[in-house]
Amino acid sequence: MTFDYDLFVIGGGSGGVRAARVAAATGAKVALAEEYRMGGTCVIRGCVPKKLMVFASGYSEMFEDARAYGWELTDGPFDWSRFRTKLHAELDRLEGIYRKLLDGSDVRIFDTRATVKDPHTVTTADGRDITAKHILVATGGRPVVPDMPGSEHGITSNDIFLLDKMPKSILIIGGGYIASEFAGILNGLGVAVTQFYRGAQILRGFDDEARGLVAEGMREKGIDLHLGTNIVEMRAATAADIAGESEGVPMEDGKPAAIEGKAAGHGIWVKATNGTEKVYDQVMFATGRAPNTDGMGLEDAGVELGRQGQIVVDDYSQTKVPSIYAIGDVTNRVQLTPVAIREGMAFVETVFKGNPTPVDHELIPSAVFTQPELGTVGLTEEQAREIEPVEIYCTSFKPMNHAFAGRSDRVLMKLVVSVATRKVLGCHIVADHAGEMIQLAGIAVKMGATKEDFDRTVAVHPTMAEELVTMKEPMRTA
Ligand code: NDP
């Protein structure tokens, strides 16, 4: 049987684009369909714009730090529209690069939605059927908003980058990566941030000590973080709600100031499980993400979906239908861009290079761009001690740049070490640039370095990271 293409990729995000390009480089005839903008969540409404906003927000503290270091500087306001224009120009540039890379690799681009018709056929939005020997679904995920009264008034991380004006106040719901990162970003940009998390501590799944320090740091920077708290109900605020507000809405001359971007009286009234009722300029839900499988025709084609709607795949990213594969967030394995890229490369290696390659999901380093930042690789103390006896090497201190500037931020460096093998099972860092540090520590941990290997490494002085190789005595065994 002949097909129109050797490979048809649905989804132009990081994983899909990489798989398409690398497959085409093997000589395969490849097409890719994207219904929105090339680059996907990471480039258009995720990692990239988020990180640029992290950078933007970080400057607010630098005025004060610079003065502490002897500079004559006065604080200035943040101009959201200036930043936003530049941000979107950058995203356009990056999208252009993605497109050019595909073109240069001879991948045929379809700027349209495509769904799966049968194991070898996709249908584009204009009703065209296109056949392919292999179909790769890389459609990513989307933010989920809880089903509750008034939730349609809230926004998600998708909307943040498109706002006309920065809100004066915002309530963020959730305690995961996105909620905690945006709490820091918006706080740094001068927004009054309240965060509700329903559990006992934000960043569930990360090392307890590390998440505790992140939460403490976030509070010190001014985020009004409420744990064990959720939203019960929300609706458009009435003038009476706003007039009755003492917090959340700025007051001018004893009256509520007009809410930026909306007429006074059009903020969002929120009732919380702790009994409080307040008006916020915006409410943002960061309550998790769902795989983009709705209306894709996958189940009719025989592809198995899991309970969250994710595509069920084996170690080689192959679905129950041998000709259909899936990679990235749509498979809900590890929702991280570099993992989706790895999965795409392993797929090409397996299918187009005849070298069956399972994806290695072990010991993935990652960073949460909270303020303070968290970098992590391997097991948390809590996970490790369930498995085997461990020694915990840990230090928390005020780094010299913060001490000099008179800032209270503390840094955490922590190693979880196996008593039996001496291997470093986990490394957790809370510090400025923790993401950069964990990338490097991640190599050692992935290589199976022991505590003694860390000790044999000479410290780079004076740095924060030198503490990783100078912790002599375990703080505790567990
Ligand atoms: P997460 O799963 O990390 O967090 C979702 C949060 O929402 C949790 O705190 C969860 O609480 C809470 N929640 C879920 N449902 C409700 C509800 N009905 N009411 C109140 N709270 C609720 O998802 P995110 O959306 O933050 O991020 C998705 C994924 O994207 C992450 O898992 C991560 O892999 C990736 N990502 C990575 C980044 C990075 O690498 N820096 C940055 C951003 C995203 P509970 O803990 O109780 O379940």
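The values are calculated or read from the model by the stated rules, or taken from the named source; none is laboratory data. Please read these numbers as outputs of a predicted model, since none were measured by experiment. Heads up, the Cβs are rebuilt from the backbone with ideal geometry, glycines too, and the neighbour counts pull from every protein chain shown. With ligands, DNA and RNA removed, areas are computed over all heavy atoms of the protein, side chains included. Shrake-Rupley method; radii C 1.70, N 1.55, O 1.52, S 1.80 Å.
With every atom except the alpha carbons ignored, what do you get for Rg and Dmax of segment 66-160, in angstroms?
22.1, 68
Compute the accessible area per residue over the chain, keeping the other protein chains in place, probe 1.4 Å, unit Å².
On the way: 22050 Å² over 478 residues.
Spelled out: the 1.4 Å probe surface of the chain, per residue, equals 46 Å².
Please give me the summed charge of the neighbours of Ala31: other residues whose Cβ is under 12 Å from its Cβ, Lys and Arg +1, Asp and Glu -1.
Details: positive: Lys29, Arg108, Arg128, Lys133; negative: Asp4, Asp6, Glu34, Asp106, Asp111.
Within the 12 Å Cβ shell, the charges total -1.
Below 15 angstrom from the Cβ of Val458, what's the summed charge of the other residues (Lys, Arg +1; Asp, Glu -1)? Spell out each step's value before the answer.
Working: positive: Arg456, Lys472; negative: Glu452, Asp453, Asp455, Glu466, Glu467.
Summing Lys/Arg as +1 and Asp/Glu as -1 gives -3.
Report in % the part of the accessible area of segment 1-135 that belongs to carbon and sulfur, leaving out ligands and nucleic acids; probe 1.4 Å. Please list the in-between numbers first.
Values: 3650 of 6910 Å².
Heavy-atom surface of segment 1-135 belonging to carbon and sulfur, 1.4 Å probe: 53 percent.
Say each of Val232 and Asp159 gets a label point 7 Å from the Cα, pointing the same way as Cα to Cβ; how far apart are those two points in nm?
Placing both labels 7 Å along Cα→Cβ, they lie 2.3 nm apart.
Distance between the C-alpha centers of segment 36-58 and segment 107-153? Whole Å please.
That distance is 22 Å.
Under 5 Å between amide H atoms, partner at least 5 residues away or on a different chain: which partners does Lys117 have, H built in plane at 1.01 Å?
Val122, Thr123
Run down the aspartates and glutamates and flag those whose C-alpha is under 14 Å from the C-alpha of Lys133, throwing out any fewer than 8 positions away in its chain.
Partners found: Asp4, Asp6, Asp118.
Sketch the reach of a paramagnetic label on Arg142 as a point 7 Å from Cα along Cα-to-Cβ, and name the residues of segment 274-302 whose backbone nitrogen lies under 14 Å away.
The answer is 289-297.
Tell me the relative contact order for the chain as a rounded percent, counting alpha carbon contacts under 8 Å between residues six or more apart.
Details: 1027 pairs, mean separation 71.9, N = 478.
Dividing the mean separation by the residue count of the chain yields 15 percent.
May I ask you to give the percent of accessible area on segment 303-412 that is carbon plus sulfur, with a probe radius of 1.4 Å? Numbers along the way, then the final one.
Working: 2470 of 4940 Å².
Carbon plus sulfur share of accessible area: 50 percent.
Net charge near Ser105, counting Lys/Arg +1 and Asp/Glu -1 over other residues with Cβ under 14 Å of its Cβ? If you can, show how the numbers build up before the last one.
Working: positive: Arg18, Arg21, Lys29, Arg99, Lys100, Arg108; negative: Asp6, Asp103, Asp106.
The answer is +3.
Of all GluC sites (Glu not before Pro) in segment 43-86, which ones are in loop regions per DSSP and have a Cβ with at most 14 other Cβ atoms within 10 Å? Each step should come with its number before you reach the end.
Details: sites: Glu61, Glu64, Glu72; in loops: Glu72.
Qualifying residues, ordered by number: Glu72.
Just check the chain against the gyration tensor rule for me: Cα atoms, a ≥ b ≥ c as the square roots of the eigenvalues, rounded for a/c under 1.5, and otherwise prolate or oblate depending on whether a/b exceeds b/c. Intermediate values should be presented prior to the final figure.
Values: a/c = 1.84, a/b = 1.18, b/c = 1.55.
Oblate shape, in that a/c is at least 1.5 and b/c is the bigger or equal ratio.
Over 22 Å between C-alpha atoms is what I'm after, so list which of Lys423/Lys472; Lys51/Lys221; Lys398/Lys472; Lys221/Lys472 land there.
Working: Lys423/Lys472 15 Å; Lys51/Lys221 19 Å; Lys398/Lys472 19 Å; Lys221/Lys472 32 Å.
Check vs 22 Å cut-off fails for Lys221/Lys472.
Starting from segment 377-466, pick out the GluC sites (Glu not before Pro) whose DSSP state is loop and whose Cβ has at most 14 other Cβ atoms within 10 Å. Please report the intermediate quantities before stating the final value.
On the way: sites: Glu381, Glu382, Glu386, Glu391, Glu436, Glu452, Glu466; in loops: none.
Listed in order of number, the matching sites amount to none.
Under 17 Å from the 7 Å Cα→Cβ point of Glu216, by amide nitrogen: which residues of segment 413-429?
So the set is 413-415, 428-429.
Give the long-range amide H neighbours of Glu233: residues separated by 5 or more places, or on another chain, with amide H under 5 Å away, using H modelled in the peptide plane at 1.01 Å from N.
Lys271
Taking square-rooted eigenvalues a ≥ b ≥ c of the alpha carbon gyration tensor, is segment 401-478 rounded, prolate or oblate, where a/c under 1.5 means rounded and, failing that, a/b exceeding b/c means prolate?
Numbers: a/c = 1.97, a/b = 1.72, b/c = 1.15.
Prolate is the answer for segment 401-478, as a/c is 1.5 or above and a/b outweighs b/c.
Which value at 222 nm does the chain reach when only helices count, each DSSP H run of 4 or more adding -39,500 (n - 2.57), with the total divided by all residues and rounded to the nearest 500 deg cm²/dmol?
On the way: 13 runs with 147 residues, N = 478.
The helix-only estimate for the chain comes to -9500 deg cm²/dmol at 222 nm.
Out of the DSSP beta bridges found with both residues in the chain, what percent are antiparallel (nearest 5)? Could you put the intermediate results ahead of the total?
Numbers: 48 of 78 bridges.
Close to 60 percent.
Given +1 on the Cβ of Lys and Arg, -1 on the Cβ of Asp and Glu, and no further charges, what dipole in debye does the chain carry about its Cα centre, rounded to the nearest 20? Before the final figure, lay out each step's value.
Details: 50 positive and 65 negative charges, 117 e Å.
Computed about the Cα centre, the dipole is about 560 debye.
Using only the alpha-carbon atoms, what does segment 287-424 span along each of its principal axes? Please give whole angstrom values in decreasing order.
61, 37, 30
Sort out the exposed loop trypsin sites (Lys or Arg not before Pro) in the chain (DSSP loop, at most 10 other Cβ within 10 Å) and tell me the longest stretch that has none.
On the way: sites that count: Arg307, Lys472.
Between the exposed loop sites, the longest stretch runs 1-306.
What FRET efficiency, computed as 1/(1 + (r/R0)^6) with R0 = 30 Å and r the Cβ-Cβ distance, is obtained for Val334 and Arg67, rounded to the nearest 0.05? Don't skip to the answer; put the middle values down first.
On the way: r = 42 Å, r/R0 = 1.40.
In this case the efficiency is close to 0.10.
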